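The values are calculated or read from the model by the stated rules, or taken from the named source; none is laboratory data. Owing to the predicted nature of the structure, the values given are computational and were not obtained by experimental measurement. Note that we place each Cβ from the backbone using ideal geometry, even for glycine, and neighbour counts take in every protein chain shown.
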Amino acid sequence: MAIEFSARIMHSRYQITTAVVGLLLVSLVLYALPRFVTVLAYFWPLFASTAVFMVVILVFGGISQLANDSHGEKAGKGILDYVAGPGDEHHDQ
């Protein structure tokens with residue numbers, strides 16, 4: 001019985017070695033990494049300002065879309081017409 005067990009271990013020695021090395025690597029990484037709360041405590045101003053910036057973008061994007069819909073024209077069409085000046089039909093010949 002011990003010989004059969006040794007034969008099975010020798011047959012799958014690469015899988016066992018890979019599993020042990022992988023387990024050691026994962027445990028080393030988990031030991032070396034800082035805790036999530038530590039990272040969150042360090043970067044909370046960055047996370048908060050990014051969240052506020054995203055909310056501002058969403059709010060102003062919605063307000064701009066509502067303003068364009070109420071004017072009934074495409075965004076920027078009026079200013080483009082003004083910059084382009086009068087068309088060809090306004091020139092005297």
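Would you confirm whether any residue within the stretch 44-52 is modelled with pLDDT under 80, β-branched (Val, Ile, Thr) and out of contact with any strand residue (DSSP E or B) (no Cβ under 8 Å at 6 or more places or on another chain)? No, every residue in the stretch 44-52 fails to be modelled with pLDDT under 80, β-branched (Val, Ile, Thr) and out of contact with any strand residue (DSSP E or B) (no Cβ under 8 Å at 6 or more places or on another chain).
Here ILE63, ILE79 are screened, and the one residue that is modelled with pLDDT of 75 or more and either in a helix (DSSP H, G or I) or polar (S, T, N, Q) (or both) is ILE79.
Which ones in the stretch 20-51 are of a type in the set (A, V, I, L, M) and either over 22 Å from the mean Cα position of the chain (by Cα) or not in a helix (DSSP H, G or I) (or both)? Once the filter is applied, which keeps residues that are of a type in the set (A, V, I, L, M) and either over 22 Å from the mean Cα position of the chain (by Cα) or not in a helix (DSSP H, G or I) (or both), the stretch 20-51 yields VAL20, VAL21, LEU23, LEU24, LEU25, VAL26, LEU28, VAL29, LEU30, ALA32, LEU33.
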